[in-house]
Amino acid sequence: PYVIDMNGNIIVGKRSGNGRGTGVLPTPHPTLIGGNDLQVQMAGLLKIGGGKILSYDNNSGHYKPNAKSMSVADEAFSKLPPSLFSKKFKRRNK
């Protein structure tokens, strides 16, 4: 999971599970932002493989960003060095 906070910072967490099975807890998006003010500009899932970003999307059950919100992710991720992205990178909408 990832969120983009109100200052445009990308905060990434590690998915520890989907909540199914013994001792396998999900990592909900609000846990990434913490504190009392849980507002974000964008939230979704980030897929990383081989140390490179393979994809990001707008899949968040808590924040439920729409397809138009992807522009926020596009802007934030475009500030990262191109070397962080896989040659197989794909932007995905939920």
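The values are calculated or read from the model by the stated rules, or taken from the named source; none is laboratory data. Note that the structure is predicted; figures quoted are calculated from it, not measured. When we count neighbours, we look across all protein chains shown, and the Cβ atoms used for this are built from the backbone with ideal geometry, even at glycine. Side chains included, ligands, DNA and RNA excluded: accessible areas come from the protein's heavy atoms. Shrake-Rupley method; radii C 1.70, N 1.55, O 1.52, S 1.80 Å.
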Residue satisfying all of: in the stretch 1-46; β-branched (Val, Ile, Thr) and either over 10 Å from the mean Cα position of the chain (by Cα) or not in a strand (DSSP E or B) (or both); modelled with the highest pLDDT among these: Val40
Does the stretch 83-91 include one or more residues that are open to solvent by less than 90 Å² (accessible area, probe 1.4 Å), at pLDDT 90 or above, assigned to a strand (DSSP E or B) and in contact with a Ser or Thr (Cβ under 9 Å, 6 or more places away or on another chain)? yes
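Residue under question is Val72, and the condition is that it be surrounded by 10 or more Cβ atoms within 10 Å (Cβ to Cβ), β-branched (Val, Ile, Thr), outside any strand (DSSP E or B) and modelled with pLDDT of 95 or more; does it hold?
Against the criterion (surrounded by 10 or more Cβ atoms within 10 Å (Cβ to Cβ), β-branched (Val, Ile, Thr), outside any strand (DSSP E or B) and modelled with pLDDT of 95 or more), Val72 qualifies.
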